[in-house]
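So the structure is just underneath, and the comments pick up after that.
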Amino acid sequence: MAYDDNNIFAKILKGEIPCDKVHETEHSLAFRDINPQTPVHVLVIPKGRYVSMDDFSATASDAEIADFTRAVGDVARMMDIVDNGYRILANHGEDGHQEVPHLHIHVFGGKNLGRMIKPVDK
């Protein structure tokens, strides 16, 4: 999947589309999801042109990687979901149902999230 400079997150980063910003750093932006799946549902995105975690981990600078990782933790603390627990999720590619070709981490919390994946029958 190639990076699309017109994807919704690229447009948010360019200021063409507004967002409900939660947190911003030099290399990352976090904002509330417009269609929340849980009481707390925040997206954390790098400001660089990265399609996926694979792309990001292979080509981002150490400073970008550290900043992005810290931003995810900062959001969990800011949303006060650390003590009760939360889930982070990044989709990748077709099988992972990635809809936007810009790396984004979903931070879910605010309720019991249950099991994420059921065990495979053997």
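Every read-out reported here was derived from the displayed coordinates using simple, explicitly stated rules and does not represent laboratory data. Keep in mind that this is a model prediction, so the values were computed, not measured. Please note: Cβ atoms are built from the backbone with ideal geometry, for glycine as well, and neighbour counts cover all protein chains shown.
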Work the Kirkwood hydrodynamic radius out for region 8-109: mean of 1/r over every pair of different alpha-carbon atoms, inverted, in Å. 13.7
Quick one: Karplus J couplings for region 97-109, per residue in order, coefficients 6.51, -1.76, 1.60, θ = phi - 60°, nearest Hz, x for Gly and Pro? 6, 5, 9, 10, x, 9, 3, 8, 9, 8, 10, 10, x
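Placing +1 at every Lys and Arg Cβ and -1 at every Asp and Glu Cβ, with all other atoms neutral, what dipole size does the chain have around its Cα centre, in debye to the nearest 20?
Values: 13 positive and 19 negative charges, 93 e Å.
The dipole magnitude comes to about 440 debye.
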Mean separation of Cα pairs under 8 Å and 6+ residues apart, divided by the residue count of the chain: what relative contact order is that in percent? 31
What value, in deg cm²/dmol to 500, does the helix sum -39500 (n - 2.57) over DSSP H runs of n ≥ 4 give at 222 nm once divided by the residues of the chain? -7000 deg cm²/dmol
Would you mind getting me the FRET efficiency between GLU94 and SER61? Use the beta-carbon distance for r and R0 = 30 Å, nearest 0.05. 0.60
Taking the chain as a Gaussian network, Cα atoms linked when under 10 Å apart, which of VAL72, VAL44, VAL22 shows the biggest mean-square fluctuation? VAL22
So what's region 45-103 giving for Cα Rg divided by 2.2 N^0.38 Å, two decimals? 1.22
